[in-house]
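What follows is a single structure, written as structure tokens, with notes after it.
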Amino acid sequence: SSGNGSIMRLAAIAIRFADSFPGQLVELSRLAAESSLTTHASPQCLSACRYLALVLCGLIHGLPRDEVLDPRWKLLRELEAIEPLHPSIAEVAQGSFRIRQPPEIVGSGYVVKSLEAALWAFCTSADFAEAVLRSVNLGDDADTTGAVCGQLAGAYWGEAGIPADWLKGLARRDMIEQVLRGLALRSAYEATSYWVDDAPGGSFALRCGAHCRELDTLLSGAGQTSWIYITACNPQSERLSEAENEQRLHALTERLLLRQPQTVVYHGRGVGQAGDWPAEPSLLVLGLDAAQGQMLAREFGQTAFLAGRAGQRVELVWTATGDSGRQEGGDSPRRQGR
């Protein structure tokens, strides 16, 4: 199918990668395309999702609208270097929506025309309401065109730009906001650098999804094969005072010394990419596994933590009782990076 259904629902992918942007561009491209495969597998749809995800990430990240929609945008070239866009989507990315006007611009169910229409309404409007109204007034498949344009407008003008009376009538608003908070939190966790500060060979950082040779060296030297990285600070993403967090981390350290004396503990800190959340003192614990990390995370009110084994990549683990996504966890970046 070359319908517009998969670009209509794409915003979650962009939110997922917002904090790490423009990093993980290959992964963004891959997941944007995969999000379309089950229902809209045509090359046009896959390319439309890849391009729209890139644009949405740029807008969420606060880049100027003209830069993100510029066919010379550096990140657009990088996206096409990963895999060329389908010619029909490449034409849109080159600015077809800037040189056409209705009736050439139509609110069609065809993905190419739908994307072009949403971009036209977005780039010719001064605020969220104008953009969405322009898009739906094109007619035909008006609801989907409006949904695609709404993603662009929301990424650019933010929640504050949405008319208050529109929000009042939003069905299941609490559920939607909960899911969005979970996506934003996951993005923040994955954009965080998890430093180990007192290792014998010097400090190093753990990053989600990456292998760390320095960590393998520590494990080998300690005769351990598993590890976790966890904090006790700011439980459930609620910011506490420095003194309160210090007390909580001390309690976690004492807990490990008393109940898991076989472990080897190093001190560190989780540092978010955005810099709007203070670094969280944390512990790298050699000799504990993910199941034991789950118990500690729940005990100390954490939403996520890191875990892994020698030779494996760093894994972000959500605690089973969390509410951010569907599983949750409790590591250092509670809201770090957001």
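Per DSSP H run of n ≥ 4, the term is -39500 (n - 2.57); total these for the chain, divide by its residue number, and report the mean residue ellipticity at 222 nm rounded to 500 deg cm²/dmol. Mind dumping the intermediate values first?
Numbers: 16 runs with 166 residues, N = 338.
Mean residue ellipticity at 222 nm (helix-derived): -14500 deg cm²/dmol.
Evaluate the relative contact order of the chain (contact order divided by residue number), counting alpha-carbon pairs under 8 angstrom at least 6 apart; express in whole percent. Intermediate values should be presented prior to the final figure.
Details: 670 pairs, mean separation 55.0, N = 338.
After rounding, I find 16 percent.
What is the local net charge at Leu133, summed over the other residues whose Cβ is closer than 14 Å to its Cβ (Lys, Arg +1; Asp, Glu -1)?
Values: positive: Arg134; negative: Asp127, Glu130, Asp143, Asp165.
Once all neighbours under 14 Å are counted, the net charge is -3.
Please give the peptides 30-37, 154-161 ranked by average Cβ packing (other Cβ atoms within 10 Å per residue), highest first, as a rough proxy for protection.
Details: 30-37: 18.9, 154-161: 16.0.
Going from most to least packed, we get 30-37, 154-161.
Highest mean first, how do 12-22, 134-144 rank when packing is the count of other Cβ atoms within 10 Å averaged over residues? Let's see the in-between values first.
Working: 12-22: 22.2, 134-144: 18.3.
Ranking, from highest mean packing down: 12-22, 134-144.
Pairwise over distinct Cα atoms, reciprocal of the mean inverse distance: report the Kirkwood radius of the stretch 184-318 in Å, one decimal place. Numbers along the way, then the final one.
Details: mean 1/r = 0.0679 Å⁻¹.
Mean inverse Cα-Cα distance, inverted, gives 14.7 Å.
Counting Lys and Arg as +1 and Asp and Glu as -1, what is the net charge of the other residues whose Cβ lies under 15 Å from the Cβ of Gly3?
-2
Using a basic spin-label model with each label point 7 Å from the Cα along Cα→Cβ, how many nm lie between Arg313 and Glu214?
Going by the 7 Å Cα→Cβ label model, 2.0 nm.
At 20 °C and 1.002 mPa s, what whole-number value in µm²/s does Stokes-Einstein give for the translational diffusion of the stretch 1-138, with Rh from the Kirkwood sum over Cα pairs? Kindly include the intermediate steps, with their values, before the conclusion.
Numbers: Rh = 14.8 Å.
Rounded, D is 145 µm²/s.
Quick one, could you list the DSSP H helices from the chain stretching 30 Å or more along their long axis (Cα atoms) with average Kyte-Doolittle hydropathy of -1.0 or above? Walk me through the intermediate numbers first.
On the way: long enough: none.
Answer set is empty.
Going by average Cβ density within 10 Å per residue, which order do the peptides 60-68, 180-188 take, highest to lowest?
Numbers: 60-68: 15.2, 180-188: 21.0.
The densest-packed peptide leads the list: 180-188, 60-68.
Of the candidates Gly95, Gly202, Gly109, which one comes out as most mobile in a Gaussian network treatment of the chain with C-alpha springs shorter than 10 Å?
Maximum among the listed residues: Gly202.
Since every read-out is calculated from the coordinates, none of them should be taken as a lab result. Bear in mind that the values here come from a model prediction, so they are computed numbers and not experimental data. All Cβ positions, even for glycine, are placed from backbone atoms using ideal geometry, and neighbour counts span all protein chains on display.
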